[in-house]
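Report on one structure; see the data block that follows.
The values are calculated or read from the model by the stated rules, or taken from the named source; none is laboratory data. Keep in mind the model is a prediction, meaning the values are calculated, not measured. Methodologically, a virtual Cβ is constructed for each residue, glycine included, from the backbone with ideal geometry; neighbour enumeration extends over all protein chains shown. Just the protein is used for accessible areas: all its heavy atoms, side chains included, with ligands, DNA and RNA removed. Shrake-Rupley method; radii C 1.70, N 1.55, O 1.52, S 1.80 Å.
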Amino acid sequence: MDKPPKEQPAEHKMSDSGKTSGQQPVTACLLSAAFFGALGSSFIYGYNLSVVNAPALYIKAFYNKTWIERYGEPLPVEMATLLWSFTVSIFAIGGLLGALSVSIIIKVLGRKGSLLLNNSFALIAALLLTLGERAKSFEMLIVGRFIIGIDSGIALSVLPMYLLEITPRHIRGSIGQFNSILICLGVFTGQVMGLPELLGQETRWCYLFSFLVLPAMLQLCVLPFLPESPRYLLIERRDEAGAERAFQRFLGKKDVSQELEEVHAEARAQVNLQKASVLQLLRSPAVRWQLITIIISMACYQLCGLNAIWYYTSGILREAGFAENIIPYITLSTGAIETLAAIISGLVIERIGRKPLIIFGFSAMAVFFSLLTVFLHFQDSLSWMPYLSYICILAVIASFCSGPGGIPFILTGELFEQSYRPAAFMIAGTVNWLSNFAVGLLFPFIQEKLQSFSFLVFVGICVLGSIYLYVVLPETKNRTFMEISQSFAKINKIPVPSSGLEMELVLSSKPRMNGKVQDVAKMESSF
């Protein structure tokens, strides 16, 4: 066996115990890729979820003023409602278009290149949204919302894929949760920036959208100097030297032969598939239950009722007797709880696992939604009941962010091997945005008919989602992508490859460009 080098740079050193346990320190390169990748992607998505709430009245007034200047009469009520609804909902339509385009974009540009290109959508949208008022064009705001929706649709598919492919499996969940953490931080930032003391004023609201330039530019400044996904380089680009250098920078060590062999084995197992299309993914019996699991978990992510919570928050605070001018500040607690719960989830996910966290999250949401229904029903009877209702709202938000708020994106990457992953993210993104649109479209009607009992619909969805995930979903923490795929072999009714075949897949991989990797393969074949 080759002896390790006598001396290594500090960033490449690793203890013997770390080697034997498969653990290694988290490198600055990996953390930078996770943070700045999410900052220019997930953060922007979260920010746009909340940023239109504070200036809603000012934007509607701008629509009316522009209409009067154009046509000499006030904007009709029906048209005002239509324009505002279109402004809000077109974000989801743009997200759907972005999700549908992901497979094509990453095929040409790769993971990192797609994230960099995506910043152009954010910058164009920021320009349109900021200048719409000055140009006296509400159409610019609508188009800007559509374009930032495209940006979010691409980001929510490409970023989780990139993070999962660059991260060692023992911290894959924690790094993957950067996606959820930065979404929550974006929501919270949008709430803070919308305060009256900052940009939530009639003369400043357009500058709320100028803020989008900052995270996009920060990502553009940092991400070009970080490596591309080594799995993408090795399997899809056949660039073994580039993949080796990427692994070395992300993992902080020189000898990455084990990681290269793992990827080669996965590539060899899929050599006849190349890159699967969406149609091939839908038809393949080998990934049928993985696909069903992703569709259900992503649908539950949107349909579990979190978006509907915002409808009640301000009203419950008014019922509790809080003054109108301090309600925006109390509402900040929802964004703070979101962010805190997501951070805690990222810290414990590798200890507890994906399956317990996501099932606990949906189950806890069902419990607190049930309690919220009771408290809302008796809210007018007891003066202290609104306080319990608000506590339930915070508990629902914390439960969501503890697992269901981020783990569906992690599972979409983990349950599929390289050839299926882009198509899987396209389908998951499509389900995500269609479900988002459905909630926005249908919840007002559900609320009108059922009033406070409307949350019982979400109780049912959370319970059914929890039962399905308990029965079908295997635990994925600290397992290779091949091992996760094989855990579905029985339910998919396909044969499980033997350990001998797995070793053959590794050893039959093409000769390596790196001498050390050749020596490892020769040594393994001698056994």
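Would you tally the residues in segment 28-43 being in a loop (DSSP other than H, G, I, E, B) and either free of Cβ contacts under 8 Å to residues at least 24 places away in the same chain or surrounded by fewer than 18 Cβ atoms within 10 Å (Cβ to Cβ) (or both)?
The first filter runs over segment 28-43 and keeps only residues in a loop (DSSP other than H, G, I, E, B), leaving 40-41.
Now narrow it down to the ones that are either free of Cβ contacts under 8 Å to residues at least 24 places away in the same chain or surrounded by fewer than 18 Cβ atoms within 10 Å (Cβ to Cβ) (or both): none.
Summing the residues that are in a loop (DSSP other than H, G, I, E, B) and either free of Cβ contacts under 8 Å to residues at least 24 places away in the same chain or surrounded by fewer than 18 Cβ atoms within 10 Å (Cβ to Cβ) (or both) in segment 28-43 gives 0.
(1) modelled with pLDDT of 90 or more; (2) open to solvent by 10 Å² or more (accessible area, probe 1.4 Å); (3) hydroxyl-bearing (S, T, Y): which one isn't true of S297, the others all being true?
(2)
What number of residues within segment 300-339 are open to solvent by 40 Å² or more (accessible area, probe 1.4 Å), charged (D, E, K, R) and either at pLDDT 85 or above or under 27 Å from I358 (Cβ atoms) (or both)?
0
Out of segment 365-384, which residues are of a type in the set (S, T, N, Q) and open to solvent by less than 30 Å² (accessible area, probe 1.4 Å)?
Initial filter on segment 365-384 (of a type in the set (S, T, N, Q)): 370, 373, 379, 381, 383.
Within segment 365-384, T373, Q379 meet the criteria.
Return only the number of the condition from (1) of a type outside the set (A, V, I, L, M); (2) over 30 Å from S101 (Cβ atoms); (3) crowded, with 18+ Cβ neighbours inside 10 Å that Y387 does not satisfy.
Failing condition for Y387: (3).
Looking only at helices (runs of 4 or more DSSP H) that lie completely in segment 64-181, which have at least 3 residues being within 27 Å of T203 (Cα to Cα)? If you could, list the steps in order and put the result at the bottom.
On the way: elements: 77-131, 138-166, 172-176.
The helices (runs of 4 or more DSSP H) meeting that bar are 77-131, 138-166.
I'm trying to understand the selection: among the residues of segment 200-217, which are aliphatic (A, V, I, L, M), open to solvent by 20 Å² or more (accessible area, probe 1.4 Å) and in contact with a helix residue (DSSP H, G or I) (Cβ under 6 Å, 6 or more places away or on another chain)? So that I can check it myself, show each step before the final result.
In the first step, residues of segment 200-217 are kept if they are aliphatic (A, V, I, L, M); the result is 208, 212-214, 216-217.
Then keep just the ones that are open to solvent by 20 Å² or more (accessible area, probe 1.4 Å); that gives 213-214, 217.
Correct list: V213 only.
I need the full set of residues from segment 86-116 which are more than 18 Å from the chain's Cα centre (by Cα) and open to solvent by 60 Å² or more (accessible area, probe 1.4 Å), in order please.
Listed by number, the residues that qualify are F86, V88, I104, K107, V108, L109.
What's the number of the condition A34 fails, among (1) more than 22 Å from K477 (Cα to Cα); (2) at pLDDT 90 or above?
(1)
Would you confirm whether any residue within segment 418-434 is open to solvent by 30 Å² or more (accessible area, probe 1.4 Å), modelled with pLDDT of 75 or more, closer than 30 Å to T373 by Cβ and of a type in the set (F, W, Y)?
No: segment 418-434 contains no residue that is open to solvent by 30 Å² or more (accessible area, probe 1.4 Å), modelled with pLDDT of 75 or more, closer than 30 Å to T373 by Cβ and of a type in the set (F, W, Y).
Considering each residue of segment 378-414, count those that are outside any loop (DSSP other than H, G, I, E, B) and either more than 26 Å from the chain's Cα centre (by Cα) or free of Cβ contacts under 8 Å to residues at least 24 places away in the same chain (or both), and give that number.
Within segment 378-414, the first condition is being outside any loop (DSSP other than H, G, I, E, B), and the residues that meet it are 385-402, 407-414.
Checking the rest, the ones that are also either more than 26 Å from the chain's Cα centre (by Cα) or free of Cβ contacts under 8 Å to residues at least 24 places away in the same chain (or both) come to 385-391.
Residues meeting the conditions: 7.
Out of E197, E244, E228, which single residue is open to solvent by 20 Å² or more (accessible area, probe 1.4 Å), in a loop (DSSP other than H, G, I, E, B) and at pLDDT 90 or above?
Numbers: E197 fails: at pLDDT 90 or above; E244 fails: in a loop (DSSP other than H, G, I, E, B).
Just a single option satisfies the conditions, and that option is E228.
Which of (1) loosely packed, with under 15 Cβ neighbours inside 10 Å; (2) modelled with pLDDT of 75 or more does P474 not meet, given it meets every other one?
The number of the failed condition is (1).
For segment 138-177, name all the residues that are among the hydroxyl-bearing types (S, T, Y) and either open to solvent by 20 Å² or more (accessible area, probe 1.4 Å) or touching a Cys at 6+ places or on another chain (Cβ under 8 Å) (or both).
Going residue by residue through segment 138-177, those that are among the hydroxyl-bearing types (S, T, Y) are 152, 157, 162, 167, 174.
Across segment 138-177, the qualifying residue is only S174.
Over 19 Å from the mean Cα position of the chain (by Cα) and among the polar types (S, T, N, Q) - does that describe any residue in segment 344-365?
For segment 344-365, residues over 19 Å from the mean Cα position of the chain (by Cα) and among the polar types (S, T, N, Q): present.
One line per residue, one yes/no per condition, for (1) modelled with pLDDT under 85; (2) open to solvent by 40 Å² or more (accessible area, probe 1.4 Å); (3) at positive phi:
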{"residue": "F250", "(1), (2), (3)": "no, no, no"}
{"residue": "K253", "(1), (2), (3)": "no, no, no"}
{"residue": "L260", "(1), (2), (3)": "no, no, no"}
{"residue": "A265", "(1), (2), (3)": "yes, no, no"}
{"residue": "A276", "(1), (2), (3)": "yes, no, no"}
{"residue": "L279", "(1), (2), (3)": "no, yes, no"}
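Residue-by-condition table, conditions (1) hydrophobic (A, V, I, L, M, F, W, C); (2) under 22 Å from the mean Cα position of the chain (by Cα); (3) within 30 Å of I171 (Cα to Cα):
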residue	(1), (2), (3)
I427	yes, yes, yes
A438	yes, yes, no
C462	yes, yes, yes
M482	yes, no, yes
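Give all pairs with beta carbons closer than 9 Å in which a residue from segment 69-88 that is touching a residue at least 12 places away in the same chain (Cβ under 8 Å) meets a residue that is β-branched (V, I, T) and in a loop (DSSP other than H, G, I, E, B); count only pairs at least 6 apart in sequence or on separate chains.
Final answer for the pair search is T87/V52; V88/V52.
Suppose we keep only residues that are of a type outside the set (A, V, I, L, M, F, W, C) and in a helix (DSSP H, G or I) within segment 182-194. Which one would you say is surrounded by the fewest Cβ atoms within 10 Å (Cβ to Cβ)?
Only one residue tops the list, namely T189.
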